[in-house]
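Novice: I have a structure I would like to understand better, so I am pasting it below and will then ask my questions one at a time.
The values are calculated or read from the model by the stated rules, or taken from the named source; none is laboratory data. Quick caveat: nothing in here was measured; it's all calculated off a predicted structure. Ideal geometry is used to build each Cβ from the backbone, glycine not excepted, and the neighbour counts take in all protein chains shown.
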Ligand code: PMP
């Protein structure tokens, strides 16, 4: 069957292949990128569903506006305001079907075949695939524990003149990295100076463990004159409330937001009104602060257990920056003591020992670092984390 040319730019992810092996009984999996379903606030969501159906069943069950359910747009503007975002009114955001759809709409509206775009190395795999599907020529900007290397980013922008730069500044997937305040300001200044659009993808910012992270680029944008004109911000309720709701949102300059809304019309008409009405009632009902407190506490605890176990069991064979939030430990095998230094080879051996994780190489759009790996602590209880890391040490030999 003749298929669209654009499909030749992408392939099924290596990670999906690995997931097929996870059905093995007794396996401890650090491979997922999911929140823990045991933490879903079922009573709170139940109450929100009931309220949505009791108060305005027509709106919750009927077709709705492509831009989003008005009460949810209002609640999301208020939610962002509570995190220091100034001057974003409900009409400056649209609701999307997960933030994944925001990324797809950005691919549709910004990418021509051969368009250059800069992403972090490593970055979210589905973003690489999504932008490539539209023909993007991706350039990789290196990161460290403090997020993207802004000096290097500046050089890459000058060299490639990209359509946009895609960043996950807060507890990145897979890197867990946290972009420092100083670098955040420099990124915004760079956007204005070079007139380069920055896409801030921020599904993890609420999942901090001890101290809140620096403000999002969107929240900081009022300190850097002109930067709002060069900034897109994508948010999501997936990691804090429920990914099954498929509720995300996007803030963007008006022209771009209008074009993205037009593309959304042809795509899914609108995000499920039922899910949106539920999310709006959930936020209006004041459930979010307690939910956030709970998930932060549990993930923080699990992250701490994993970090300690890695240091204890793997010692200098592994190198990583302890995450301050999010769902992931991003690590590098050092090869110390002649131990294995290849993430993909270790992943195979680890499965045999009954533990799974994702090798890091597929998360790079270029120059993959084969010694890297991503471990998620989010869905595994503390004892199982200790046991899983002990198995990993066994696999490493
Ligand atoms: N961006 C990043 C960085 C992610 O890790 C994810 C989910 N894994 C998404 C976007 C998409 O999330 P959703 O569509 O559920 O909002």
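Novice: So which of 38, 47, 52 ends up being touching a helix residue (DSSP H, G or I) at 6+ places or on another chain (Cβ under 6 Å) and at pLDDT 90 or above?
Specialist: Just a single option satisfies the conditions, and that option is 52.
Novice: Can you confirm whether region 132-142 contains a residue that is touching a helix residue (DSSP H, G or I) at 6+ places or on another chain (Cβ under 6 Å), within 28 Å of residue 77 (Cα to Cα) and in contact (Cβ under 8 Å) with a residue 24 or more places away in the chain?
Specialist: no
Novice: Looking at 316, 229, 268, which is the one that is surrounded by fewer than 21 Cβ atoms within 10 Å (Cβ to Cβ) and within 16 Å of the ligand (Cβ to nearest atom)?
Specialist: Matching residue, one of 316, 229, 268: 268.
Novice: Check 145, 107 and return the single one that is more than 30 Å from residue 281 (Cα to Cα), modelled with pLDDT under 95 and within 17 Å of the chain's Cα centre (by Cα).
Specialist: Of the residues listed, the single one that is more than 30 Å from residue 281 (Cα to Cα), modelled with pLDDT under 95 and within 17 Å of the chain's Cα centre (by Cα) is 145.
Here's the yes/no breakdown for (1) at pLDDT 95 or above; (2) touching a strand residue (DSSP E or B) at 6+ places or on another chain (Cβ under 9 Å):
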site	(1), (2)
294	yes, no
309	yes, no
339	no, yes
342	yes, yes
372	yes, yes
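Novice: List, please: which pairs have Cβ atoms under 9 Å, are six or more places apart or on different chains, and start with a residue in region 190-218 that is not assigned by TED's automatic domain parsing to the domain that holds residue 256 and end with one that is assigned to a loop (DSSP other than H, G, I, E, B)?
Specialist: Final answer for the pair search is none.
Novice: Report the residue count in region 113-126 for those that are touching a strand residue (DSSP E or B) at 6+ places or on another chain (Cβ under 6 Å) and either outside any loop (DSSP other than H, G, I, E, B) or farther than 19 Å from residue 7 by Cα (or both).
Specialist: Count: 6.
Novice: Among the candidates 317, 361, single out the residue that is modelled with pLDDT of 95 or more, more than 18 Å from residue 33 (Cβ to Cβ) and touching a strand residue (DSSP E or B) at 6+ places or on another chain (Cβ under 8 Å).
Specialist: Within the list 317, 361, the selection yields 317.
Novice: Of the conditions (1) surrounded by 20 or more Cβ atoms within 10 Å (Cβ to Cβ); (2) more than 28 Å from residue 273 (Cβ to Cβ); (3) more than 16 Å from the ligand (Cβ to nearest atom), residue 114 fails just one. Which one is it?
Specialist: Every listed condition holds for residue 114 apart from (1).
Novice: For residue 94, are the conditions met, namely being assigned to a strand (DSSP E or B) and either touching a residue at least 12 places away in the same chain (Cβ under 8 Å) or not assigned by TED's automatic domain parsing to the domain that holds residue 320 (or both)?
Specialist: Answer is yes for this residue.
Novice: Right, next: From 293, 275, grab the single residue that is within 16 Å of the ligand (Cβ to nearest atom), without any contact (Cβ under 8 Å) to a residue 60 or more places away in the chain and closer than 30 Å to residue 51 by Cα.
Specialist: Selected residue: 275, the only one of 293, 275 that is within 16 Å of the ligand (Cβ to nearest atom), without any contact (Cβ under 8 Å) to a residue 60 or more places away in the chain and closer than 30 Å to residue 51 by Cα.
Novice: Let me ask something additional. I need every pair where a residue in region 164-175 that is not assigned by TED's automatic domain parsing to the domain that holds residue 360 and within 8 Å of the ligand (Cβ to nearest atom) has its Cβ under 8 Å from the Cβ of a residue that is at pLDDT below 95 and in a loop (DSSP other than H, G, I, E, B), sequence separation at least 6 or different chains.
Specialist: Going by the 8 Å Cβ cut-off, the qualifying pairs are 173/33.
Novice: Can you tell me which residues in region 240-254 are assigned to a loop (DSSP other than H, G, I, E, B) and buried (at least 24 other Cβ atoms within 10 Å of the Cβ)?
Specialist: Scanning region 240-254 gives 241, 252.
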